[in-house]
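Peer 1: Pasting a structure here, questions to come.
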Amino acid sequence: MLWKRLLLLGLVLLMLGFTVLVVSAQEEQFEEVLIFTTSSRVVGVGTYVAAEAFGVAAGEDPDEQPAQAVIMPYALYPNMHVAEIGEFVQPEPAVEGFTFEWSLEPADGSAAELIDGTVAIFMADVEGAYLLTLTATDANGNVGEAEWKVLATTYVGNGYLD
C-alpha cells in the first residue's frame, strides 16, 4: 500500500515538473501577447474577427447547382501567431480557380477597416452589428455570395448583483 502512494506521489511530482518546464518554455518563446480571434457571432468590443473564404463551383447546370460562397470563422484555430495584425501572413486559398471579394458594413460609429485576402480580418471597435459579405466567383464566372452578421457588445458577467 505504501509503495502505491509513493508511486502516485512520484507521478504527481513528475507531472508538476513537466508543467513548469512547458510554461517556462512558452514564456520565453512569446514575449508579446498574441492575437486571438473568435468563431462566435457575438464578440466583445475590441475583439478581432477573422473569417476564411471558401467556394464551391457551380455544377453543369448553374441554375440547378449554383456556385456557393462559404464563410468559415477563422477561430477554428484561433492563435494567429502574431502580436501585430499587420504581421499576419495570408494563407493560400484552399480551393483553386476562385476569386474572392470581401466587404464589410460596420456598426454605426465604427472606424473598422477590413483587411482582406483569403482571410478577412476586422476589429469590432464599437457596439453594434457588423455585416461581413463574401462574393466567390468560380473559374467559369458563376457567382455565389454569403454573409456573416457579427454583434459586438460589452459583457458584465452572468452572476447576480446584491
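Peer 1: With a/c under 1.5 counting as rounded, go ahead and sort the range 101-140 into rounded, prolate or oblate using the C-alpha gyration tensor (a ≥ b ≥ c being the square roots of the eigenvalues; past the cut-off, prolate if a/b is larger than b/c, else oblate).
Peer 2: Here the range 101-140 falls in the prolate category.
Peer 1: Can I ask one more? Evaluate the distance, in nm, between pseudo-label points positioned 7 Å from the Cα of Ala139 and of Met15 along their respective Cα→Cβ axes.
Peer 2: 5.3 nm
Peer 1: Ok, one more. Stretched out fully, how many nm does the piece from Leu34 to Ala129 gain, at 0.36 nm a residue minus the Cα gap?
Peer 2: Residue separation times 0.36 nm, minus the Cα-Cα distance, leaves 31.7 nm.
Peer 1: For Ala111 and Thr154, compute 0.36 nm times the residue count separating them, minus their Cα-Cα distance, and round to one decimal in nm.
Peer 2: Full extension of this stretch gives 13.7 nm more.
Peer 1: Also, I was wondering about something else. Classify the range 79-156 from the C-alpha gyration tensor, please: rounded if a/c falls under 1.5, else prolate or oblate depending on whether a/b exceeds b/c.
Peer 2: Oblate, because a/c is 1.5 or more while a/b does not exceed b/c.
Laboratory data are not the source of any read-out in this text; all were calculated from the coordinates shown. This structure is a prediction, so every number in the text was calculated from the model and none was measured. A quick note on method: Cβ atoms are made from the backbone with ideal geometry, for glycine too, and the neighbour counts reach across all protein chains shown.
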